[in-house]
Amino acid sequence: MIKVSVNGEIKELDENLNIKELIEVLNYKTKGFAVAVNTTFVSIKSYENTIINDGDTIDILAPVQGG
């Protein structure tokens, strides 16, 4: 198990998860959000190739509508 911060909350996760798997584990259903790992945004194309490591800080940002 590894510990990471997801949107400011500490989570314990299995090792060797990629971002796509992380999103599934955390039950994110919203489409069109952005993911940053250690303040670097990750493109959707890279979700399966980006492995989450112990101590990473992950931000999952959903778009906000306003007007």
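The values are calculated or read from the model by the stated rules, or taken from the named source; none is laboratory data. Bear in mind the structure is a predicted one, so any value in this text is a computation, not a measurement. Heads up, the Cβs are rebuilt from the backbone with ideal geometry, glycines too, and the neighbour counts pull from every protein chain shown.
Within region 21-28, not a single residue is in a strand (DSSP E or B) and of a type in the set (A, V, I, L, M, F, W, C).
Tallying residues that are in contact with a helix residue (DSSP H, G or I) (Cβ under 9 Å, 6 or more places away or on another chain) and more than 14 Å from Val6 (Cα to Cα) within region 45-64 yields 6. Of all residues in region 8-42, those that are modelled with pLDDT of 95 or more, under 18 Å from Pro63 (Cβ atoms) and loosely packed, with under 13 Cβ neighbours inside 10 Å total 1.
Looking across region 29-42, just one residue is in a strand (DSSP E or B) and out of contact with any strand residue (DSSP E or B) (no Cβ under 7 Å at 6 or more places or on another chain), and that is Thr40.
Give region 43-53 a look and list any residue that's surrounded by 15 or more Cβ atoms within 10 Å (Cβ to Cβ) and part of a helix (DSSP H, G or I), or say none. Please lay out each step first, then the result.
Let us first name the residues in region 43-53 that are surrounded by 15 or more Cβ atoms within 10 Å (Cβ to Cβ), namely 47, 50, 52.
Passing the criteria: only Tyr47.
Of all residues in region 56-67, those being of a type outside the set (Asp, Glu), under 13 Å from the mean Cα position of the chain (by Cα) and assigned to a loop (DSSP other than H, G, I, E, B) number 1.
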